[in-house]
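Taken together, the values in this text are just the output of simple stated rules run on the coordinates, not laboratory data. Note that the coordinates shown come from a computational prediction; the quantities given were computed from them, not determined experimentally. Here Cβ is always computed from backbone atoms with ideal geometry, including for glycine, and neighbour counts include all displayed protein chains.
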Amino acid sequence: MKQFESITELKRFLTVPYVEEIAVQSLRLTEIEPLMLNIRFSRCLFLGCSMSDDLLHHLLPGNFIFPLLDVPFNTYPSRLYDTDSLYAGFNRHKPKTYLKTPDKVIYDYYRES
């Protein structure tokens, strides 16, 4: 399955009338909506993309659409979290910096939900 994480890359790919089995992640599809409305999609995966209702209804049959969730972290990361990504922004000499790390933000959200 071909993956797209930039509008430019996706737009270059969308030159055919029929597209199947691609994955599109965290893109603002409204930027290329007129182009997408003229293409038939099948068995494609759209993760956390923003789109109009028209585009949503165009894509719904035969595709997998996971909504953009209103949470303080990326719900569809393209790779597993590692130590560097979970503790991004943490300075061991300034312990309070932990409060803004993705690890703490995700944990707090989980605890509050």
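Summary of values
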item: Cα shape, the stretch 2-66, gyration tensor, a/c 1.5 rule; result: rounded
item: Per-residue Cβ neighbour rank within 10 angstrom, fewest leading, VAL19, VAL71; result: VAL71, VAL19
item: Spatially proximal aspartates and glutamates relative to LYS104 (Cα-Cα < 16 Å; intrachain offsets below 8 disregarded); result: ASP82, ASP84, GLU112
item: Paramagnetic reach from ASP54 in the stretch 24-38 [backbone N under 13 Å; point 7 Å along Cα→Cβ]; result: 30-38
item: Sum of -39500 (n - 2.57) over DSSP H runs of 4+, divided by residues of the chain (222 nm, nearest 500); result: -7000 deg cm²/dmol
item: Fully extended contour minus Cα-Cα distance, from GLU112 to PHE73, at 0.36 nm per residue; result: 12.6 nm
